[in-house]
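> Please read through the structure below; I'll follow up with questions.
Every number here is computed from the coordinates shown, using simple stated rules; none is lab data. Since we're looking at a predicted model, the values are computed, not measured. Note: ideal-geometry Cβ built from the backbone for every residue, glycine included; neighbour counts use all protein chains shown.
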Ligand code: ZN
């Protein structure tokens, strides 16, 4: 038997990372993968505009007048994953590359997601994330940061001859080594 097979966490987080590569947002690419208690994927998503809202017409800018920015139009990865789901997400867990904002936290809670696994939290001290955690804690949604991904995938999946998927993941993850945070970081965390 092979010994270096990847864990479920690595597998599903990799799918979240692969999904974010579909995003056309030039500044932030986020992917989400929802998995039920049978370890079946029930939804995937990335941040993008609603169907029919052309990327050539709608803006990806972050600054300027509200209507000229992406904010009124973009659907976040977590919400897309919930809306794209092909089975119930009740009791499921979600893998996300970035800690969910307060809006996504609401949808996750209301759709019955019980656990959140994330890679980074670069907006940790913002009001959005503080509100997000406040709601997740109150609703009893567990969350934990994934430690380093140790994928051993040699085949390049991005259009860069020098890069492997692992390179991509490492680059995307911004930090060289994830702090192995408390894996049992639950509602009290
Ligand atoms: Zn969000």
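> Determine the distance separating the Cα centre of the range 21-40 from the Cα centre of the range 69-121; give it in Å without decimals.
Spelled out, the Cα-based centre of one part sits 9 Å from the other.
> Could you check the spin-label model distance between residue 147 and residue 39? Points 7 Å from the Cα along Cα→Cβ, value in nm.
Spacing of the two 7 Å Cα→Cβ label points: 1.9 nm.
> Once R0 is set to 41 Å, what does the formula 1/(1 + (r/R0)^6) return for the Cβ-Cβ distance between residue 127 and residue 86, expressed as a FRET efficiency to the nearest 0.05?
After rounding, the FRET efficiency stands at 0.75.
> If each residue's Cβ is checked for other Cβ atoms within 10 Å, how do 71, 123, 118, 46 rank with the fewest at the top?
71, 123, 118, 46
> Now for a separate question. List residues of the range 85-114, by number, whose backbone nitrogen lies under 18 Å from a label position 7 Å along Cα→C-beta of residue 134.
Of the residues in the range 85-114, 100-110 have backbone N under 18 Å from the label point off residue 134.
> Just want the ordering: 21, 146, from fewest to most Cβ atoms lying within 10 Å of their own Cβ.
Details: 21 15, 146 23.
With the sparsest Cβ surroundings first, the list reads 21, 146.
> Related question: Give me 147, 78 sorted ascending by neighbouring Cβ count inside 10 Å, so fewest comes first. List each step's numbers first, then the result.
Numbers: 147 15, 78 30.
The order, fewest Cβ neighbours first, is 147, 78.
> If you stretched the chain out fully between residue 7 and residue 73, how much longer would it get, using 0.36 nm times the residue separation minus the C-alpha to C-alpha distance? Provide the component values of the computation, followed by the final result.
Working: separation 66, 0.36 × 66 = 23.76 nm, distance 3.55 nm.
Stretched out fully, the residue 7 to residue 73 stretch lengthens by 20.2 nm.
> A further question on this structure: Three principal axis extents, largest first, for the C-alpha atoms of the range 1-84, in Å?
Cα spread of the range 1-84 along its principal axes, largest to smallest: 57, 23, 17 Å.
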